[in-house]
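Right, one structure below, let's go through it.
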Amino acid sequence: MQVLREADLPAAASLLELGSGGGNNAYHLKPHFAHITLTDIAPEMLAISRLLNPACEHLEGDMRSLRLHRTFDVAFIHDAIDYMLTLQDLESALETAAVHCKPRGLALFAPDFVRETFQPSTDHGGTDDASRKLRYLEWNYDPDPDDNTYCMEFVYLLREDAQATQVEHEVHTCGLFARTDWLQLLSKVGFEETKVIQDPFARELFLCRKGSV
């Protein structure tokens, strides 16, 4: 991500990504770091990432409770942070990032939405190759504006060669927290400086620096 690439990183910097999924972020970030450790709760996703990023370290763990007993120049959580559904879960994930940051180290958090920026939306797309075709529809909506979650639904249409089209449907529940909640929790877990940065997709990113002790 451009924010990390442009950050004031030390030479031969190390990166810890929590909730790394299939390793797409790491694929783009690894030229900029001497060492990358990727962690995810799902071993299936780590297996995919190992194929994409064989030189990176891969470890299974829950971002709410993982403790590696070592520190990194940068801690990073992309949209996996969206699956923190309560303030307690969010605090636990932020604390994990802080615990693994070196003194004066950086952390970047990239939720899809904060409460103030959420808008119902739809998206669609797909791709074809010689034998497989895929189309998808994504729908984001908030069925209860008084709670801390929203819904993200996906419909996939899959076709391979001359076989009948298959339809898959997924519903994801995601956390939705106010900007002030984020800032209060980031301070609470040990980040002394936080910048709120708007990226080209109108998402609010939290770029934080840990205290010196």
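The values are calculated or read from the model by the stated rules, or taken from the named source; none is laboratory data. The shown structure was predicted, so the numbers you read here are calculated from the model rather than taken from an experiment. With ideal geometry, Cβ positions are generated from the backbone for all residues, glycine too; neighbour counts draw on all protein chains shown.
Quick look at the numbers
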item: Residue check, ASP123 at pLDDT 95 or above and assigned to a strand (DSSP E or B); result: yes
item: Residues (of a type in the set (A, V, I, L, M), in contact with an Asp or Glu (Cβ under 8 Å, 6 or more places away or on another chain) and not in a helix (DSSP H, G or I)) located in segment 166-198; result: VAL171, LEU176, ALA178, VAL196, ILE197
item: Qualifying positions in segment 199-212 - touching a strand residue (DSSP E or B) at 6+ places or on another chain (Cβ under 6 Å) and either loosely packed, with under 13 Cβ neighbours inside 10 Å or not in a strand (DSSP E or B) (or both); result: ASP199, GLY211, SER212
item: Per-region count, segment 157-196, residues under 25 Å from SER121 (Cβ atoms), of a type outside the set (Gly, Ala, Ser), in contact with a Lys or Arg (Cβ under 9 Å, 6 or more places away or on another chain) and in contact (Cβ under 8 Å) with a residue 60 or more places away in the chain; result: 4
item: Filter pass, GLU95 being farther than 30 Å from VAL196 by Cα and surrounded by 10 or more Cβ atoms within 10 Å (Cβ to Cβ); result: no
item: Residue list for segment 34-60, restricted to those being in a loop (DSSP other than H, G, I, E, B) and either at pLDDT below 95 or in contact with a helix residue (DSSP H, G or I) (Cβ under 8 Å, 6 or more places away or on another chain) (or both); result: ASN53, ALA55, CYS56
item: Residue within segment 150-158 that is of a type in the set (A, V, I, L, M, F, W, C) and outside any strand (DSSP E or B) present; result: no
item: Among the candidates HIS78, HIS100, residue that is on the phi < 0 side of the Ramachandran plot and either under 12 Å from the mean Cα position of the chain (by Cα) or at pLDDT below 95 (or both); result: HIS78
